[in-house]
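Have a look at the structure below before the remarks.
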Amino acid sequence: MTTEPHDSANGTRIDLSRQFLLAMPGMVAGELANTVIYVCEHTEHGALGLVVNRPTDLTIGDLLQRIDLPLSLEIGPVREAPVFFGGPVQTDRGFVLHVPRGQYSSSIPLGEDVALTTSRDVLQDVAAGHGPARLLVTLGYAGWGAGQLEDEISRNAWLNVGASHEVLFETPADQRYDAALAQLGIHSSMLTGDAGHA
């Protein structure tokens with residue numbers, strides 16, 4: 001039997017899996033300031049998410065060559081797609097969000113068709129030109145211990161909204177924050193760095 005995360009203030013269940021977290025201006029500092037994070041998993045033990053709006057100078061083609069995977073001529077435009085800074089934890093490790101899920105040796109299904117894969121076989125498929133139709137590759141992830149994310153949300157550090165494939169895979173990285181906010185009917189100019197409490 002597993003217990004779900006709870007909001008200790010009112011005892012309601014909080015599960016932010018498969019949602020976007022949007023860092024509130026002035027409330028989230030350091031490497032996660034101004035980020036959009038896709039929450040892959042949120043349980044009573046904590047949460048794991050990937051920053052999806054912080055591209056690095058490294059391309060997927062560069063990454064594949066660094067790990068000694070020969071690139072097929074069929075790799076196509078994915079070769080020039082950026083690798084993202086996924087968060088400050090395990091920045092030497094690759095994480096691949098992709099659609100469709102496929103059959104890879106180390107994947108976590110995230111809903112009906114999205115998966116998070118950490119095994120090399122998904123990158124082998126990408127290098128060979130027959131990887132997942134949509135993918136986002138990160139180095140590192142963002143992590144929270146038990147109750148930590150709930151506490152940060154209670155202090156207005158993050159807004160959350162349901163994740164969409166369009167924002168995740170099609171919207172240019174520099175527009176993902178505003179696109180995710182727009183799902184809430186908010187524009188970034190409406191946000192301030194001052195926390196308010198009623």
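Each residue in the stretch 70-79 was checked for being within 28 Å of Gly111 (Cβ to Cβ) and either at pLDDT 95 or above or not β-branched (Val, Ile, Thr) (or both), and 3 pass. Pairing each residue of the stretch 12-31 that is free of Cβ contacts under 8 Å to residues at least 12 places away in the same chain and of a type outside the set (Ser, Thr, Tyr) with any residue that is in a loop (DSSP other than H, G, I, E, B) and surrounded by 17 or more Cβ atoms within 10 Å (Cβ to Cβ), provided the two are 6+ apart or on different chains, yields C-beta distances under 9 Å for Arg13/Pro5.
The set of residues from the stretch 101-113 being over 13 Å from Val126 (Cα atoms) and in a loop (DSSP other than H, G, I, E, B) comprises Arg101, Gln103, Ser105, Ser106, Gly111, Glu112, Asp113. Looking only at the stretch 45-56, decide whether some residue is without any contact (Cβ under 8 Å) to a residue 60 or more places away in the chain, surrounded by fewer than 16 Cβ atoms within 10 Å (Cβ to Cβ) and assigned to a loop (DSSP other than H, G, I, E, B). No, the conditions are met nowhere in the stretch 45-56. Taking the criterion of being in contact with an Asp or Glu (Cβ under 8 Å, 6 or more places away or on another chain) and among the hydrophobic types (A, V, I, L, M, F, W, C), the residues of the stretch 46-64 that qualify are Ala47, Leu48, Ile60. Got at least one residue in the stretch 47-63 being of a type in the set (D, E, K, R) and modelled with pLDDT under 95? No: the stretch 47-63 contains no residue that is of a type in the set (D, E, K, R) and modelled with pLDDT under 95.
With the condition kept exactly as written, say whether any residue in the stretch 89-99 is more than 30 Å from Gly30 (Cβ to Cβ), in contact (Cβ under 8 Å) with a residue 60 or more places away in the chain and part of a strand (DSSP E or B). There is at least one residue in the stretch 89-99 that is more than 30 Å from Gly30 (Cβ to Cβ), in contact (Cβ under 8 Å) with a residue 60 or more places away in the chain and part of a strand (DSSP E or B). When every residue of the stretch 125-132 is checked against the conditions, at least one turns out to be modelled with pLDDT under 95, surrounded by fewer than 19 Cβ atoms within 10 Å (Cβ to Cβ) and either assigned to a strand (DSSP E or B) or not small (Gly, Ala, Ser) (or both).
Scanning the stretch 17-37 for residues that are open to solvent by 10 Å² or more (accessible area, probe 1.4 Å) and under 20 Å from Phe169 (Cβ atoms) turns up Ser17, Arg18, Gln19.
List the residue pairs whose Cβ atoms are under 7 Å apart, where the first residue sits in the stretch 125-144 and is farther than 17 Å from Arg101 by Cβ, the second is hydroxyl-bearing (Ser, Thr, Tyr), and the two are 6 or more positions apart or on different chains. From residues that are farther than 17 Å from Arg101 by Cβ, the pairs are Ala127/Ser72; Ala128/Ser72; Gly129/Ser72; Leu139/Thr91; Gly140/Thr91.
The values are calculated or read from the model by the stated rules, or taken from the named source; none is laboratory data. Note that the coordinates shown come from a computational prediction; the quantities given were computed from them, not determined experimentally. Please note: Cβ atoms are built from the backbone with ideal geometry, for glycine as well, and neighbour counts cover all protein chains shown. Keep in mind that these areas ignore ligands, DNA and RNA; they rest on the heavy atoms of the full protein, side chains included. Shrake-Rupley method; radii C 1.70, N 1.55, O 1.52, S 1.80 Å.
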